1. Can we say B:A112 is open to solvent by 60 Å² or more (accessible area, probe 1.4 Å) and either under 22 Å from A:R31 (Cβ atoms) or out of contact with any Lys or Arg (no Cβ under 7 Å at 6 or more places or on another chain) (or both)?
2. Inspect the stretch B:68-77 for any residue being of a type outside the set (D, E) and not in a helix (DSSP H, G or I) and give the result as yes or no.
3. What number of residues in the stretch A:1-29 are in contact (Cβ under 8 Å) with a residue 24 or more places away in the chain and either within 10 Å of chain B (Cβ to nearest Cβ) or among the β-branched types (V, I, T) (or both)?
4. Every residue in the stretch A:103-162 that is aromatic (F, W, Y), modelled with pLDDT of 95 or more and either in a helix (DSSP H, G or I) or open to solvent by 50 Å² or more (accessible area, probe 1.4 Å) (or both), please.
5. Before we move on, is B:D100 within 12 Å of chain A (Cβ to nearest Cβ) and not β-branched (V, I, T)?
6. When only residues in the stretch B:66-88 that are over 15 Å from B:H23 (Cβ atoms) and open to solvent by 40 Å² or more (accessible area, probe 1.4 Å) count, which is farthest from the chain's Cα centre (by Cα)?
7. Among residues belonging to the stretch A:185-220 that are within 11 Å of chain B (Cβ to nearest Cβ) and hydroxyl-bearing (S, T, Y), point out the one that is surrounded by the most Cβ atoms within 10 Å (Cβ to Cβ).
8. I want to confirm something. Restricting to the stretch B:54-65 and keeping residues that are open to solvent by 30 Å² or more (accessible area, probe 1.4 Å) and free of Cβ contacts under 8 Å to residues at least 40 places away in the same chain, which single residue is nearest to B:R124 (Cα to Cα)?
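The values are calculated or read from the model by the stated rules, or taken from the named source; none is laboratory data. Quick caveat, the model's predicted, so the values are computed rather than measured. Note that we place each Cβ from the backbone using ideal geometry, even for glycine, and neighbour counts take in every protein chain shown. Heads up: the accessible areas ignore ligands, DNA and RNA and are worked out on the full protein's heavy atoms, side chains in. Shrake-Rupley method; radii C 1.70, N 1.55, O 1.52, S 1.80 Å.
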Amino acid sequence: MLGLAVRIAQRMELHNEASHANHPPLEAEMRRRLWWALVLFDQRISELSDAKVSMLNPTWDCKIPLNINDFDLRQEMKAPPTEHDRPSEALFATVRSEINDTIRHNSFHLDFTIPALKAIAKPSESLAAMEKRLEDKYFKFCSMDNPLHFITVWMSRGLLAKMRLLEHYAKHSSPQQTDENRDEANTHAIDILICDTMLASSTIIKGFQWLVHYYFPLPAYMNIARDLQKRPTATIGNRAWEAMAENYRARFSDLDDESPMFAVFGRLLIYTWKAREVAFRNSAERLPEPYMIASIKQRLGNFEDYPSDPDRSSMQNAESSSSMAVPDLPSMDFDMEALDWTAIDWNPIPGLG
Amino acid sequence: MHEGNDQLLFGPRGSNIDISALHPDQGQIFKLWQVYLENVDPLLKVTHTPTLQPRVLDAASDLSRVPPPLEALMFGIYCVSTLSLTDDDCAAFFGTTRKDSLREHQLGCQQALINCGILRSGDRDSLTALFFYLVSLDPVRTITSRLNRQDFITS
């Protein structure tokens, strides 16, 4: 159905900058805003449904929304208004579109979506350059008591962290990765969670939570969890667990969540915690079960449906079709031998939780 | 009229529903409009408040004569505003659960979209209404796709 909306938009030529010239400035600007809103929504839905292809690509040229207030646009205008040099009412829409305008031309984004389109992509600035530019143009003028500014800054930072993670995968796609590389990826994932925690736990943006809800950072959890299942004793583990625990509290404390996504997410974390327990079981310090794990166990009930001895062959088959929601990760090295599955006690630990 | 194609959108319809009866009462319309301006418009910016507000207030005073694209847009606004409310807010403002309210407005929006022939339309208000309707479906909770496979959980 969303595909339908995008097709209607294309039929109306909303994606085509040249067509906007046929409309008065107010209508032209509203058309651009609608196109970008649709593209960003389409991109998010694609990520959630694991589809690779979305409209966030370089095949169209509609300009991004202007940083202006609604009263700057009037029906009788003959020329477009000048942009503000300070944050306007359109800040969130403008900044989000601006970041994604760079992303859609970026070679690592295209690596994971439609590599053939790299041929028509415009050369785009580095993430570091974009980050500096956003800071100078917008963020340094933003006030954290202002809900619109707050959500703009933190969603942008989260998006930039996600792009850094993506760029990392694009650059380090071989199966053998050093511990430093893995830690670097985890650092980006942790940053994603920290930004999301700022958003989900904020009382200032209470009315905007419906949008924050759309951007649950499952790939960040996934990246951390998969790595910690392999390297449960990595030193970055403590920071990673803390970031996950904080985000869990922010996201799930009040929620009575029965969604399938929660079930999958919950089980992912349970398995990851098990790996850590096994790794530390002979250590002098017993690890206390985090609130997050106890809470997940309570919500998901008994884990009777878990196999007591996970089928290794089915997992090896799964390797060849990596199943990240976004991005579709190159297969990182799945060193099954590193973890002795038969040593793990999959039954729920009595007395805890 | 290619009504058969419209069924592709939302499934088979019964007899035509008179959607002017599906609008909330005037006070609730104004409330939903306020919620939209506070919670939704700042983030999406796909409507122009100075030009839309007079049209909405006007329409609310005579719901039997609202042009179809504007009517669809109003229902879209009800949907997306309700999405942004908590259960407590809905109970306080409208005396319903968020889920029930959302469902009601979505049904109205579906019919309104069919009434403006969205599949054939080139009207920006209608497309905006469709966009709001889609956003309000909140697919985060329902999309699972490949997520449910065991291989997703254990590496």
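1. Numbers: open to solvent by 60 Å² or more (accessible area, probe 1.4 Å): no; either under 22 Å from A:R31 (Cβ atoms) or out of contact with any Lys or Arg (no Cβ under 7 Å at 6 or more places or on another chain) (or both): yes.
Spelling it out, it is not the case that B:A112 is open to solvent by 60 Å² or more (accessible area, probe 1.4 Å) and either under 22 Å from A:R31 (Cβ atoms) or out of contact with any Lys or Arg (no Cβ under 7 Å at 6 or more places or on another chain) (or both).
2. Going through the stretch B:68-77, the residues of a type outside the set (D, E) turn out to be B:68-70, B:72-77.
Remaining after also requiring not in a helix (DSSP H, G or I): none.
Within the stretch B:68-77 (the criterion being of a type outside the set (D, E) and not in a helix (DSSP H, G or I)), the answer is no, since none of the residues qualifies.
3. Of the residues in the stretch A:1-29, 7 are in contact (Cβ under 8 Å) with a residue 24 or more places away in the chain and either within 10 Å of chain B (Cβ to nearest Cβ) or among the β-branched types (V, I, T) (or both).
4. First pass over the stretch A:103-162, keeping only residues aromatic (F, W, Y): A:108, A:112, A:138-139, A:141, A:150, A:154.
With the extra rule that they be modelled with pLDDT of 95 or more, the set shrinks to A:138-139, A:141, A:150, A:154.
Matches in the stretch A:103-162: A:F139, A:F141, A:F150, A:W154.
5. Working: within 12 Å of chain A (Cβ to nearest Cβ): no; not β-branched (V, I, T): yes.
In short, no.
6. If we take residues in the stretch B:66-88 being over 15 Å from B:H23 (Cβ atoms) and open to solvent by 40 Å² or more (accessible area, probe 1.4 Å), then B:D88 is farthest from the chain's Cα centre (by Cα).
7. From the stretch A:185-220, those within 11 Å of chain B (Cβ to nearest Cβ) are A:205-216, A:218; that's our starting set.
Filter once more, keeping what is hydroxyl-bearing (S, T, Y): A:214-215.
On the way: A:Y214: 16, A:Y215: 20.
Result: A:Y215.
8. So in the stretch B:54-65, the residues open to solvent by 30 Å² or more (accessible area, probe 1.4 Å) come out as B:54-55, B:57-58, B:61-65.
Now drop any that are not free of Cβ contacts under 8 Å to residues at least 40 places away in the same chain, which leaves B:54-55, B:57-58, B:61-62, B:65.
Values: B:P54: 18, B:R55: 15, B:L57: 19, B:D58: 19, B:S61: 23, B:D62: 22, B:R65: 20 Å.
That would be B:R55.
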